[in-house]
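Since the structure comes first, as structure tokens, the remarks are kept for the end.
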Amino acid sequence: VDDFLVTKDGRYLATLVRNPYAHIASQYFHCKQFKHNKTIRLIPDTFSGWVEPFVLMETLQQNLDVSNGTAPDERSIKRREFNHQMTLLKSKIRSFGCYNPVNLQSRAISKYSKRIYFLGLTEE
């Protein structure tokens, strides 16, 4: 085993990932039910109400990426609209005071990929 697969104290790092849909649902219910601090969380009453702003942010970003081939004046208008919409969505998401479910497991695996010796999938 290569040295980069071993933690500083000599142990191997293993991780288990969950089905992404089950993981996101679990995050929502965790946010809805538990209070870790005194911050007021404005978690929507429905799962779709919670996840929708994250989906809209991803969609806006993809649409902006596609619009890069348009005329400069049009790009400037689209960029202003994009910035305004993103500001509104980020404010709403911050009011949730909880997880960002977008690609959470992928981000974590990317960050620690050189330290992971074993990666497994768990079902509930």
Task: Count of the range 39-77 residues which are open to solvent by 50 Å² or more (accessible area, probe 1.4 Å), at pLDDT 80 or above and not in a helix (DSSP H, G or I) - done: 3
Open item on the list: Looking at the structure I just gave you, is residue 85 of a type outside the set (A, V, I, L, M, F, W, C), in a helix (DSSP H, G or I) and farther than 20 Å from residue 23 by Cα?
Closed with: yes
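Pull up the range 20-38, narrow it to residues that are of a type outside the set (S, T, N, Q) and not in a helix (DSSP H, G or I), then point me to the one that is modelled with the lowest pLDDT. Working first, answer last.
Our first condition is that a residue be of a type outside the set (S, T, N, Q); within the range 20-38, this holds for 20-25, 28-32, 34-36, 38.
From the residues that got through so far, the ones that are not in a helix (DSSP H, G or I) too are 34-36, 38.
On the way: 34: 77, 35: 66, 36: 61, 38: 56.
Result: 38.
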- [ ] Just give me the residues in the range 91-110 being part of a helix (DSSP H, G or I) and either open to solvent by less than 90 Å² (accessible area, probe 1.4 Å) or farther than 18 Å from residue 27 by Cβ (or both), in sequence order.
- [x] 91, 93, 95, 96, 104, 105, 106, 108, 109, 110
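The values are calculated or read from the model by the stated rules, or taken from the named source; none is laboratory data. Keep in mind it's a predicted model, so treat the numbers as computed, not measured. With ideal geometry, Cβ positions are generated from the backbone for all residues, glycine too; neighbour counts draw on all protein chains shown. Accessible surface is based on the protein model in full, side chains and every heavy atom, while ligands, DNA and RNA are left aside. Shrake-Rupley method; radii C 1.70, N 1.55, O 1.52, S 1.80 Å.
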